[in-house]
Each structure stands twice: as structure tokens, then as C-alpha cells.
Amino acid sequence: MALATAPAAGAVGILRLSGPGALEAGRRLAPGVPASPVPRHAYLASFVDAAGRPLDEGLFLYFRAPHSFTGEDVVELQAHGSPRLLQLLLARVLEDARVRPAHAGEFTRRAFLHGRMDLTRAEAVADLVAADSEAAVRAAAAGLSGGLATRVRALEEPLRALHADLEGVLNFPEEAEGADEDSGPRVAALRAEAEALLADSGRSRLVRRGARVALYGPVNAGKSTLFNRLVGEARALVDDEPGTTRDVLEARVEWSGLGLSLLDTAGLRETPGRVEALGIARTREALAAVDLALLVLPPGATPAEAEAWTREAGATPMLRVAGKCDVARPPEDVGLPVSGKTGEGLEPLRAAVLSRLWGEGTPAAVALVSERHADALRRTAEALGRAHEASRLSTLEVLSGEVGLALEALGEVSGTSASEALLDAIFQRFCIGK
Ligand SMILES: Nc1nc2c(ncn2[C@@H]2O[C@H](COP(=O)(O)OP(=O)(O)OP(=O)(O)O)[C@@H](O)[C@H]2O)c(=O)[nH]1
Ligand SMILES: [Mg+2]
């Protein structure tokens, strides 16, 4: 049993019960509901305390196993969204010795264990709850309707068939003769497929967490002015005194559905004061940790200076902006002409940022391959790499062993070979009541 809605005042608060005793436990709170309610029918019910006094009036819904989210009997009580009222209702349900509070993600975990969804879909539920940009919502929704599951299955099924063929030849050489003939090309094709899926993990990270983009450059170049313009409000202090920005400022925006965290940083210069030097150290830290660095150059920056500032970004991908273009038109090779003051060049800048971060295609269309998926896919691809070697140089036992390992690693993505510990780790990041 758990509260399925946020523990804050709202129009509706939902209490959810799952398990064989859900109906009886739910009816203790709503005795007016028939003993055998029509499944999926909304009953208007009075929710009462132990003495039978009404606490609230709301909806009572019953989902009979296996046709429910968890695959078990489920009862949902929809009450008014008062946190105190919901506490009273929860306490009343918990008086029943058969009821206990659900763990984080327990409903979804049960749905997975009862075969209602594979692991990628269960994780898409958590992604959807956590999504904070349109692209993240759309990508998670695609995962929920089986986007990633389909691609994983398209890999897992032929891999399992290959493993069965190899084991067949090993164990029943007469009957299965020849089934291993084209195992080399089959392994190679599966490996390429695993790697293609793995390649989506970088983009998935951008969609899930949002991309981090920092403005940096020499003092007084107009970074904070441009930052304010991009964010759409006067967040950062702007002044003609060089060294105005001392700390890293962060703001969230959404461009073409993709969530971005924009960072304004302290301008860099050779001989800063003590506090300013601390700010500059933070700029360098921020630059090392972002997905893209936007170098803002002042008018009159020479190509040699531009090159020198470019090196500050280190290994981080970098895009050059020629700032204050309303003052002087920059030479072509300095960077994209932009003016934070007039707003000129803003759209081309946004487009350039998105294309550097994303390349072609739309963020919402990505398969949400998590770090966890990527790790398992990497092991799948590695085992298939070794299997390919074995198909040319080694015995059938070794080949089949490696294919088996690949299958096991891939099973961690779909959930066909997920251990209890792995499931614990996955469902811990869910919220209570989901
Ligand atoms: N004409 C013009 N002036 C600008 C533009 N952007 C900024 N300025 C002016 O340039 C000065 C510095 O602007 P800031 O945005 O504070 O520059 P900054 O790069 O953040 O400076 P620091 O934080 O000190 O490194 C201010 O006087 C701004 O009004 C621009 O696009 N055009
Ligand atoms: Mg500034």
C-alpha cells in the first residue's frame, strides 16, 4: 500500500493497494462498496474510520488480477488531496495486519516480476516521472510503449537462436550438423547491432539530464548580457567593470524540446584580484564538466587571441561567438556574430548549439539507453567481439561460451537475466507509490 500522489495539498490524493488481500483491505475503508465489485468500475464511496464515521467521499476502483498495473489485485482509493486526511486514511488501512507500506518502486517491480512489462519499460516509468523537458517526456513515453524493448528483443532473439544452434551442434552433432556454418557473420551482425544501440547512450544522457553549456571567455566580453538574453530574464549582473561575474550562475532553458542548463562564468584574465581568481578557478572547473563551451570574444579579438582562448576549453567541445557584433562586425573566422544587447544572431546561435550537441535528428526520437544499459551493452559487444575471434580461431565450445556470455549481459537490459541485487539497485531510484 502507498500513496500514489505527492504528499502535498492537491485536488486529488490516490491511495493504492496491491496484492491478494487488496480488495478486502480496501473495503474496510469503503464498506459501502459491494463485496464483488465490477472490475474497472468507478464506485462513489464513503471512506470511513474505525468507528464508521465518514472521513471523506471519493472514488473506489478495483482492478482484478491479472488485468492491473502490477498483475495482482489492485484497489485505488481516490480521495481529496489533503495531506492530513490522506495520513488518516493511510493509518486506517495500515491497521489491517495484512497491509504494509510499499517500498520505493515496488508496484513497478511487481509489474516486472509478473511479466506485465520488461525491465526497459519499467525503467521508462521512472524516466517519465523524472522527465523535465519535452524531449525527455517524449523519449520516456516511447520507451514505455516499447521503443527500446523492441530493439533489445530484435537483438536478444537471434542471439538466443544462435546460442541454441551452437549448443545443438555441440551436444547433438549428428542432428544439428551444419547449424553453426554461418556463425561468424551472424556474430558480426549482432555485434554491430549492439554497438549501434550503445551509440545512443551519449544522446540519451543529454535528453535525460539536459545538456550543460557554459559561456566563457575574457572579462567584459558580454557573456552575462548574452546569458541574460538567452535565458530571457536579467539573471546575471552586467557592468562595464571587467570582472563583474565572480561565481558560476546556472539557468535552465528548453530549446526545440531539449532541456539545457546554461552557465555564466567569471571572465578570464591574467592578473585577477584574489576573489576574482577564485571565480576563475570555478570557471575552469565548470568548463571541464560541460557538454559544450561557448567562447564569447569581444570585438577586435584577433585570430591569434581567439586561438589562445579556444585552448582554455581543453577537451570540451567548443563553439566560438563573436560578441557585441552591434559595435563592430567581426571577421568571418572569429566566430558567430551575436549581440546580447540587441539580440542579433541569437537564433543562428541556438541552432548552432543544438546542432553541435545533437547533430541530425530530433532529441525526442532517441532510445533512452541509460548508463546501466550502456554498461551491459558494452559487455554484450565485447563478448561478441571475442566470439567473432573464436569463430575463426578457436573451438566451438569457446565460441558458444562467449555467445552465452553476450546473451547473459544483454539479459540485464531486458531483465531476462537480472539478479535480485540489480533489481534492488534499479527500483531504489523510483519513488514510493510507483
Ligand atoms: N554594445 C554592446 N555592449 C554590450 C553587449 N554585451 C555587453 N555589453 C556591455 O559590455 C559590458 C560588459 O558586459 P557583461 O555582460 O557584464 O560582460 P561579461 O563578459 O559578463 O563581463 P565579466 O563578468 O566581467 O567577465 C557592459 O557594459 C555591457 O552593457 C553587446 O552585445 N553590445
Ligand atoms: Mg559577467
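Here D247, D291 are screened, and the one residue that is surrounded by 15 or more Cβ atoms within 10 Å (Cβ to Cβ), among the acidic types (D, E) and either farther than 24 Å from G202 by Cβ or touching a residue at least 40 places away in the same chain (Cβ under 8 Å) (or both) is D291. Exactly one residue out of D264, D200 is at pLDDT below 90 and either away from ligand 1 (no atom under 16 Å from the Cβ) or surrounded by 19 or more Cβ atoms within 10 Å (Cβ to Cβ) (or both): that is D200.
What are the residue pairs meeting all of these: first residue in the range 300-325, first residue at positive phi, second residue among the polar types (S, T, N, Q) and modelled with pLDDT of 95 or more, Cβ atoms under 9 Å, and 6 or more apart or on different chains? Once the first residue is at positive phi and sits in the range 300-325, its partners that are among the polar types (S, T, N, Q) and modelled with pLDDT of 95 or more give K324/T225; K324/S339.
I'd like to know if the range 268-279 contains one or more residues that are within 14 Å of ligand 2 (Cβ to nearest atom) and modelled with pLDDT of 90 or more. Yes, the range 268-279 has at least one match.
Of all the criteria given as (1) within 23 Å of L249 (Cβ to Cβ); (2) aliphatic (A, V, I, L, M); (3) within 15 Å of ligand 1 (Cβ to nearest atom); (4) touching a Leu at 6+ places or on another chain (Cβ under 9 Å), the one not satisfied by L319 is (3). Applying the criterion of being free of Cβ contacts under 8 Å to residues at least 24 places away in the same chain and assigned to a loop (DSSP other than H, G, I, E, B) to the residues of the range 200-233, the residue that is nearest to ligand 2 (Cβ to nearest atom) is E233.
Within the range 234-259, restricting attention to residues that are within 19 Å of V275 (Cα to Cα) and small (G, A, S), which residue is nearest to ligand 2 (Cβ to nearest atom)?
In the first step, residues of the range 234-259 are kept if they are within 19 Å of V275 (Cα to Cα); the result is 236-249.
Add one more test, that the residue is small (G, A, S), and what stays is 236, 243.
Values: A236: 6, G243: 8 Å.
If we take residues in the range 234-259 being within 19 Å of V275 (Cα to Cα) and small (G, A, S), then A236 is nearest to ligand 2 (Cβ to nearest atom).
From the list P331, P242, which one is within 11 Å of ligand 1 (Cβ to nearest atom) and in a loop (DSSP other than H, G, I, E, B)? First the steps, then the outcome.
Values: P331 fails: within 11 Å of ligand 1 (Cβ to nearest atom).
Just a single option satisfies the conditions, and that option is P242.
Residues of the range 267-306 that are of a type in the set (S, T, Y) and more than 16 Å from ligand 1 (Cβ to nearest atom): T302 alone. Screening the range 208-244 for residues that are farther than 29 Å from P330 by Cα and at pLDDT below 90 and picking the one that is surrounded by the fewest Cβ atoms within 10 Å (Cβ to Cβ) gives R209.
When the range 357-385 is limited to residues that are surrounded by 24 or more Cβ atoms within 10 Å (Cβ to Cβ) and out of contact with any Leu (no Cβ under 7 Å at 6 or more places or on another chain), the one that is nearest to L144 (Cα to Cα) turns out to be V366.
The values are calculated or read from the model by the stated rules, or taken from the named source; none is laboratory data. The model shown is predicted, which means the values in this text are computed figures rather than measured ones. Here Cβ is always computed from backbone atoms with ideal geometry, including for glycine, and neighbour counts include all displayed protein chains.
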